[in-house]
Amino acid sequence: MGGVEVAERSLVDVLRAAKERISDPERWTQGTAACGSDRRPCEYEEAARFCALGSLDFECIPLYQDTYPLLYGAAQELFGQGVSAVNDRLGHTATLAVFDRAIELAEAEQT
């Protein structure tokens, strides 16, 4: 996934890549992890759009268990809701803000 060896990737790198994947609203979706350009749910490999968690999952499944708590913590801190709720109810801008905060938290853990 993402084409880079897991050992070479930091949590910050994974979070940044997952955020970048959905930074364009045309590549972001709600209500499903991944969907095609027709907005029908599909497998990740065929997807044109991802939700926050789908993008994170696609980016690096082996690091998901380490990155998800950062994303969830950021969503809770900023909006008092889980990642899926922010993605599906609060929209694209709020979702990107959650990624920005999670990246800040990951950077703080690296130092």
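Read the figures in this text as sums done on the coordinates, not as results from a lab. All of these numbers come straight from a predicted model, not from anything done at the bench. Ideal geometry is used to build each Cβ from the backbone, glycine not excepted, and the neighbour counts take in all protein chains shown.
If I model a spin label at GLN110 and ALA97 as a point 7 Å from the Cα along the Cα→Cβ vector, what separation in nanometres do I get?
Computed distance between label sites GLN110 and ALA97 equals 2.4 nm.
³J(HN,Hα) across the range 13-26 via Karplus (A = 6.51, B = -1.76, C = 1.60, θ = phi - 60°), whole Hz, x for Gly/Pro?
4, 5, 4, 4, 5, 5, 5, 4, 4, 10, 5, 8, x, 6
Hey, if you drop one equal point scatterer on each alpha-carbon of the chain and run the Debye formula without solvent, what base-10 log of I(q)/I(0) do you get at q = 0.15, 0.23, 0.24 Å⁻¹?
Here the Debye-derived log intensity ratios amount to -0.56, -1.27, -1.36.
Please go through the range 33-89 and write out the GluC sites (Glu not before Pro) that DSSP classes as loop and that have at most 16 other C-beta atoms within 10 Å. Write down the numbers at each step before the final one.
Numbers: sites: GLU43, GLU45, GLU46, GLU59, GLU77; in loops: GLU43.
Of the GluC sites (Glu not before Pro), the ones in loops of the range 33-89 whose Cβ has at most 16 other Cβ atoms within 10 Å are GLU43.
Out of residues 5 or more away from ALA34 or on other chains, whose amide H comes under 5 Å of its own, with H placed 1.01 Å from N in the peptide plane?
Under 5 Å from the amide H of ALA34 lie the amide H atoms of CYS42, CYS51, each far enough along the sequence or on another chain.
Placing +1 on the Cβ of each Lys and Arg and -1 on the Cβ of each Asp and Glu in the chain, which of GLY82, LEU71, SER10 has its Cα farthest towards the positive end of the resulting dipole?
Of the listed residues, the answer is GLY82.
Rounded to the nearest 20 debye, what is the charge dipole size of the chain about its Cα centre when +1 sits on each Lys and Arg Cβ and -1 on each Asp and Glu Cβ? Write down the numbers at each step before the final one.
Working: 10 positive and 19 negative charges, 85 e Å.
The calculated dipole for the chain is roughly 400 debye.
For the range 65-111, what is the convex hull (Cα atoms) projected area averaged across all directions, in square nanometres?
Details: hull surface 11.4 nm².
The orientation-averaged projected area of the Cα hull of the range 65-111 comes to 2.9 nm².
Show me, for the range 76-91, the HN-Hα J-couplings you get by feeding each phi into the Karplus relation (A = 6.51, B = -1.76, C = 1.60, θ = phi - 60°), rounded to Hz, glycine and proline as x.
For the range 76-91, the Karplus curve yields 5, 4, 7, 10, x, 9, x, 4, 4, 5, 4, 4, 7, 10, 9, x Hz.
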